[in-house]
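Right, one structure below, let's go through it.
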Amino acid sequence: MTYPLTIDEQSRIPKYQQIVDGIIASVAHGQLHLEEKIPSINALSEQFGLSRDTVEKAYNILKEREVITSVKGKGFYIARTPLLGRTNVLFLVNKPSTYKMQIYNSFVQQLGDQAHTDLHIYHCDETLFLNILTKNLRTYDYYVIMPHFKTAGLQHVSHTPAVVATMNQLPENKVLLLDNNLIELKQRHAEVYQDFEDDIYRALGEGLHQIRKYNKLTLVYPRRSVYPYPKRILYGFRHFCVQHDLPFAVIDAVGPDMALTPGHLLITIEEADLVNLVKQIRDRGLRLGQDIGVVSYNDTPLKDLLGITVISTDFTAMGQTAANLVAERRVAQVRNPFRWVARESV
């Protein structure tokens, strides 16, 4: 059996990836059909003079993506896969938080049946991110990436040289940076981003008349975290306080015996700090929103239910905007809305 596939010996694209791309393209263009048998690993190796390992690697990738399936004793067949005939999206998220999943869910809902989206979470880990991306450099039609990484000291970085080098291998106009945009890529790409420093500065400004009820502001900013936060949040907070001549402090966490002084306003970022703070306020008989003010970073339905004032980007809007850019194949840079949402805790 011969097979209508071209292998370019001069191409910089690995031969296994050429096989993957060729089979997917053949299905998309109607040259291969669902449930059609394709050559065995040995047959394809012989036809193109390739090593068996090269063909096996390509077939394993195609099986993982559910483009082909293997039947024991019979061979390989084109699978009935949802990936074919749709836009195939690799969606890389840095952590499995409530609001990150809100972005993902709104993205998927907005695209509907126009696309098939594979979600991968890399936990701010550079090595895991590079492994996922390298494995799928030319496998998807679109790459939606939230670039947030951690150093060995558990501090935030937007990218590393290895991350940029690998992302620069992605196809032109097929990359969308989501949430964080501080990466210089050589190819044209779309962005739906937060401006972490300016966003917090402007959002606190929206609540300035309420903030002035308090005589001191304290930001609970974790300097070291498994899922670290951009330092630009800290810079924007300091800028706001200095600009408006407000006494302020920055601490790492809400401890079990933390001093709580009436007239203070605390801004928390991590969920654990918010829970500890609200519990201590209640346990000590203080009144939330009167004796002690509380603002939380990033909105969730639970914070809304509990009446916690937030400064937050619109996560649903971020996912919808990203989906529209992908659906329209449009390259644009969009700053996502960020706002002060006043509730009973201030």
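The values are calculated or read from the model by the stated rules, or taken from the named source; none is laboratory data. Note that this is a predicted model, so its numbers are computed, not measured. Here Cβ is always computed from backbone atoms with ideal geometry, including for glycine, and neighbour counts include all displayed protein chains. Just so you know, the surface numbers come from the protein's heavy atoms only, side chains and all, with ligands and any DNA or RNA stripped out. Shrake-Rupley method; radii C 1.70, N 1.55, O 1.52, S 1.80 Å.
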inquiry  = If P147 meets every condition in (1) outside any loop (DSSP other than H, G, I, E, B); (2) under 14 Å from the mean Cα position of the chain (by Cα) apart from one, which number is that one?
reply    = (1)
query = If you check every pair at least six apart or on different chains, which have Cβ atoms under 6 Å apart with a residue in region 285-314 that is without any contact (Cβ under 8 Å) to a residue 40 or more places away in the chain and over 21 Å from Y201 (Cα atoms) first and a residue that is assigned to a loop (DSSP other than H, G, I, E, B) and open to solvent by less than 10 Å² (accessible area, probe 1.4 Å) second?
reply = G307/S345
query = In region 221-256, how many residues are in a loop (DSSP other than H, G, I, E, B) and over 28 Å from T98 (Cα atoms)?
reply = 4
task = Looking only at region 247-264, decide whether some residue is under 25 Å from L182 (Cα atoms), among the β-branched types (V, I, T) and in contact (Cβ under 8 Å) with a residue 60 or more places away in the chain.
result = no
Considering residues of region 90-112 that are aliphatic (A, V, I, L, M), surrounded by 18 or more Cβ atoms within 10 Å (Cβ to Cβ) and within 12 Å of the chain's Cα centre (by Cα) only, the residue farthest from Y193 (Cα to Cα) = L90
key: Residue that is farthest from I269 (Cα to Cα) [pool: residues in region 293-310 that are part of a strand (DSSP E or B) and in contact with a Lys or Arg (Cβ under 9 Å, 6 or more places away or on another chain)]   = G293
key: V346 among the aliphatic types (A, V, I, L, M), at pLDDT below 95 and touching a Leu at 6+ places or on another chain (Cβ under 9 Å)   = no
query = Looking at region 244-278, which of the residues that are touching a Lys or Arg at 6+ places or on another chain (Cβ under 9 Å), of a type in the set (A, V, I, L, M) and modelled with pLDDT of 95 or more is surrounded by the fewest Cβ atoms within 10 Å (Cβ to Cβ)?
reply = A249
query = Restricting attention to region 315-346, which residues are in contact (Cβ under 8 Å) with a residue 40 or more places away in the chain, over 23 Å from G205 (Cβ atoms), open to solvent by 30 Å² or more (accessible area, probe 1.4 Å) and not polar (S, T, N, Q)?
reply = A327, R329, R330, V331
